[in-house]
Number of protein chains: 2
Amino acid sequence: MFPQVSRRLFSSSSLLRNRAVVYTKNGPPSQIISAISYPSLPPPPPNTVNIRFILSPVNPADLNTIEGVYPSKPTASTNINSSGKGSQEEPVFVAGNEGLAEVVEVGEGVSGLEKGAWVVMDKPQLGTWATSRNVAAKQVIRLPFGKLSGLSEAQGATMTVNPTTAYNMLDSFVPLAPGDWIIQNGANSAVGKLVIQIAKIRGIKTINLVRPRDDLAGLVKELEKLGADKVLTYDELNDKSIRGKVKEWTDGKAIRFLTYKQDIRLGLNCVGGDPATAMARLLGQNAHLVSYGAMSKRPLSLPTSLFIFKNLVSHGFWQTRWTKENPRHKKEALIGTLAEWMSKGKLKVSDHEIVTIPKDDSDEVASQKIRDVLARISEGKVGKKVLLRLEGTESV
Amino acid sequence: MFPQVSRRLFSSSSLLRNRAVVYTKNGPPSQIISAISYPSLPPPPPNTVNIRFILSPVNPADLNTIEGVYPSKPTASTNINSSGKGSQEEPVFVAGNEGLAEVVEVGEGVSGLEKGAWVVMDKPQLGTWATSRNVAAKQVIRLPFGKLSGLSEAQGATMTVNPTTAYNMLDSFVPLAPGDWIIQNGANSAVGKLVIQIAKIRGIKTINLVRPRDDLAGLVKELEKLGADKVLTYDELNDKSIRGKVKEWTDGKAIRFLTYKQDIRLGLNCVGGDPATAMARLLGQNAHLVSYGAMSKRPLSLPTSLFIFKNLVSHGFWQTRWTKENPRHKKEALIGTLAEWMSKGKLKVSDHEIVTIPKDDSDEVASQKIRDVLARISEGKVGKKVLLRLEGTESV
């Protein structure tokens, strides 16, 4: 079934050296993707670079994109191993949005990128589940000092979705000073843990809400180790005493001889439903509620009085939009900041599992391995983030 | 029961000439308010003016304020017939937030206000259900040209709550150009009708949502006469064909030779619940949903995806906050604009009913009359807005 695609697309080449994970129409990822092979890239056209992917994460949004239910759509490639000109082959979508790559060859007219430089993707849905791609120089952002920075491959590969989301949500809606409090639900999600750490770096205090569970003490300890100031369950949030507690925590901000009441002005929501409603009630005047997920699959339901009389503003945050709307210098600065924090150990990335597809695997075997991984992820059987390493002859 | 209050407060005076509607503690308006009499005001202290109320509306929020459930609280007056200094009397709250008054005497140091000038209130909860008050000059805003402007008393009296709300919601969230579309529910509310008219004046197109009803054709005709472009019921809103219809209405904005798709970027909500959710789904990218009421008494429930992927922002609007936060020149400009539109007949105010309390009524009779009116309003038996006229010897 899947070899058909690769045969049709790449029958002109007898030497199969690189690999990409592709699909031609939307559907269940574990049924419709194929691993296809293609020869080494031709030299890059002007203003482009050839890059080799080191690690490419499988994010939940990647699966939604393959299913066709994600609002950000990839562009089909007619010929993934060149700049796409002049090919008559059936167009395919190369999966993957995030990844760490190394520049392997630089086209004419490109400045600021040399062979060996580490880059992350600036263009969403570029198609990162591949051994190598030819991309416009402006579609990537260079990591300062590359591998010399002390950054791990996994850190570099997982920088442009979750850490940027956490950073920007703390940065874009409310001007926060050290000592200010924020509140978030889904605090043990990948983004939630990054929020805790970035807040800690900035001196911002966090109230972290999680689902009740058997091993709560362990989770609390884990989040506190990352820098969480307070951890509460959604059940505790519904307790009437919670307002008093929160008031006690946030009221006593003392600066020199002054102590003043301090409202919580930022709430981060990835859950929706009741835990979001209860969290919103703890926000103070002129607060911003920022939603970036809906794990409960329930809508955001908020009393109108919070909007009218407390001047609550409810927003969404989507890193893809942020990337499209912000100037390059700002994105480079953000990546530089995150890379520095990560390399200094201030910012830990999620637990991950590297899935390597050896270059000697046949496309059939490679396809089946990747389908199996995607099936496991879809079924919720993988606790860690999966990072794909698609080996090829261009692998170092 | 109520004469007791007035006796204690005003026993020093034998000549009762003016009247105020007061309460000493929160409770059901029709049970706890009293009409009390007081003598003519002493000459105004420096930087203050004595004003005589011409008409003072009974707004729903006034009843909530008396009940103690409204977030904006009045200040208690220890002596309503002077500047409040040196009195030992029991403090009372004078009811009423909105009203049209005439300046009757001007204190030293006041500029820009002379005897006979018409003024509206700049300070919320000033206590307008009274014959006359002494107020700081900065607590009122002068109506340009006063009675010479051609403005009716009812227009002047109902300018600072509903028309300002309608104007500011169209002005504060989305820059709207002629030909742009907005959508609102509760379109036949007092504010809704003002939104239709102000949008019409500005060349903005409106989609207006109303409850299904028997006399729908009559209501549609009425709203269209005010300037409504489209009127739909909440039932029609739930019909699947609605997206196509709205697209058809809003798409065809042609400027010279270009026709471009035009998203609806502003939704005004005073209903909540399902009619708000369905309305929000019709909004385009980067839209703002502004809530100013919750007639359904149900919360605002919105899919998180609207926030994340369509960049919806949900706000509240409260004219009281706007008044507190905006500079005086802006408020004067707004009142000037509204007064001009009203006097030229471009902006019609709600149907109203004037309830006059003659100066010769005893406090007992006056109190009972006002209690009866408030009871009728609380029970929803008054379709029109009630405007109080509390006659006194200072009445013209």
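The values are calculated or read from the model by the stated rules, or taken from the named source; none is laboratory data. Quick caveat, the model's predicted, so the values are computed rather than measured. Please note: Cβ atoms are built from the backbone with ideal geometry, for glycine as well, and neighbour counts cover all protein chains shown. Note: areas computed on protein heavy atoms with side chains; ligands, DNA, RNA excluded. Shrake-Rupley method; radii C 1.70, N 1.55, O 1.52, S 1.80 Å.
Using the structure shown, decide if A:T277 is at the interface with chain B (Cβ under 9 Å from one of its Cβ atoms), at negative phi and either among the β-branched types (V, I, T) or not in a strand (DSSP E or B) (or both).
Yes, satisfied.
What's the number of the only condition in (1) modelled with pLDDT of 95 or more; (2) surrounded by fewer than 23 Cβ atoms within 10 Å (Cβ to Cβ); (3) not hydroxyl-bearing (S, T, Y) that B:A287 fails to meet?
So B:A287 meets the others, but not (2).
Go through the stretch A:316-332 and give me each residue that's over 16 Å from A:Y167 (Cβ atoms) and within 8 Å of chain B (Cβ to nearest Cβ).
Scanning the stretch A:316-332 gives a single hit, A:G316.
Quick check on my filter: what residues within the stretch B:191-236 are within 19 Å of B:S296 (Cβ to Cβ), touching a Pro at 6+ places or on another chain (Cβ under 9 Å) and crowded, with 21+ Cβ neighbours inside 10 Å?
Answer for the stretch B:191-236, where residues must be within 19 Å of B:S296 (Cβ to Cβ), touching a Pro at 6+ places or on another chain (Cβ under 9 Å) and crowded, with 21+ Cβ neighbours inside 10 Å: B:V191, B:L209.
With the condition kept exactly as written, say whether any residue in the stretch A:290-302 is of a type in the set (F, W, Y), in a helix (DSSP H, G or I) and at pLDDT 95 or above. Before the answer, list the steps.
Initial filter on the stretch A:290-302 (of a type in the set (F, W, Y)): A:292.
This time we only want the ones that are in a helix (DSSP H, G or I), so: none.
No, the stretch A:290-302 contains no residue that is of a type in the set (F, W, Y), in a helix (DSSP H, G or I) and at pLDDT 95 or above.
Just to be sure, is A:P91 over 23 Å from A:P42 (Cα atoms) and open to solvent by 20 Å² or more (accessible area, probe 1.4 Å)?
For A:P91, the condition - over 23 Å from A:P42 (Cα atoms) and open to solvent by 20 Å² or more (accessible area, probe 1.4 Å) - is not met.
May I ask you to list the residues in the stretch B:169-187 that are buried (at least 21 other Cβ atoms within 10 Å of the Cβ) and either under 20 Å from the mean Cα position of the chain (by Cα) or assigned to a helix (DSSP H, G or I) (or both)?
B:M169, B:L170, B:Q184, B:N185, B:G186, B:A187
Is the stretch B:35-44 home to any residue that is at pLDDT 90 or above and of a type in the set (S, T, N, Q)?
Checked the stretch B:35-44: at least one residue is at pLDDT 90 or above and of a type in the set (S, T, N, Q).
Is it fair to say A:L268 is modelled with pLDDT of 95 or more, in contact with a Gly (Cβ under 7 Å, 6 or more places away or on another chain) and within 14 Å of chain B (Cβ to nearest Cβ)?
No: the conditions fail for A:L268.
Residue pairs, Cβ under 6 Å, 6 or more apart or interchain, first in the stretch A:134-161 and farther than 14 Å from A:A117 by Cα, second part of a strand (DSSP E or B) and open to solvent by 10 Å² or more (accessible area, probe 1.4 Å). List them.
A:N134/A:T48; A:A136/A:T48; A:A154/A:H352
Taking into account only those residues within the stretch B:295-310 that are of a type in the set (G, A, S) and under 15 Å from B:G272 (Cβ atoms), which is nearest to the other protein chains (Cβ to nearest Cβ)?
B:S301
Only one of these is outside any helix (DSSP H, G or I), of a type in the set (A, V, I, L, M, F, W, C) and modelled with pLDDT under 95: A:A228, A:A254. Name it.
On the way: A:A228 fails: modelled with pLDDT under 95.
One residue alone meets the criteria, A:A254.
Only residues that are out of contact with any Lys or Arg (no Cβ under 8 Å at 6 or more places or on another chain) and surrounded by fewer than 23 Cβ atoms within 10 Å (Cβ to Cβ): list them for the stretch B:99-115, please.
B:G107, B:E108, B:G109, B:V110, B:S111, B:E114, B:K115
Right, B:V246: more than 14 Å from every other protein chain (Cβ to nearest Cβ), more than 14 Å from B:I183 (Cβ to Cβ) and buried (at least 16 other Cβ atoms within 10 Å of the Cβ) or not?
Taking the combined requirement at face value, the residue does not satisfy it.
For (1) open to solvent by 30 Å² or more (accessible area, probe 1.4 Å); (2) closer than 24 Å to A:E353 by Cα, each residue gets a yes or a no:
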{"residue": "A:I33", "(1), (2)": "no, yes"}
{"residue": "A:I36", "(1), (2)": "no, yes"}
{"residue": "A:P43", "(1), (2)": "yes, no"}
{"residue": "A:T48", "(1), (2)": "no, no"}
{"residue": "A:V58", "(1), (2)": "no, yes"}
{"residue": "A:G68", "(1), (2)": "no, no"}
{"residue": "A:K73", "(1), (2)": "yes, no"}
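Select the strands (runs of 3 or more DSSP E) contained entirely in the stretch A:307-396, then report the ones holding at least 1 residues which are open to solvent by less than 60 Å² (accessible area, probe 1.4 Å), small (G, A, S) and more than 26 Å from A:N64 (Cα to Cα).
none
If you check every pair at least six apart or on different chains, which have Cβ atoms under 9 Å apart with a residue in the stretch B:28-47 that is under 16 Å from B:V104 (Cβ atoms) first and a residue that is of a type in the set (F, W, Y) second?
B:Y38/B:F10; B:P39/B:F10
Of everything in the stretch A:140-168, what is part of a helix (DSSP H, G or I), open to solvent by 10 Å² or more (accessible area, probe 1.4 Å) and of a type outside the set (G, A, S)? Give them in sequence order.
A:K147, A:L148, A:E153, A:Q155, A:N162, A:T165, A:Y167
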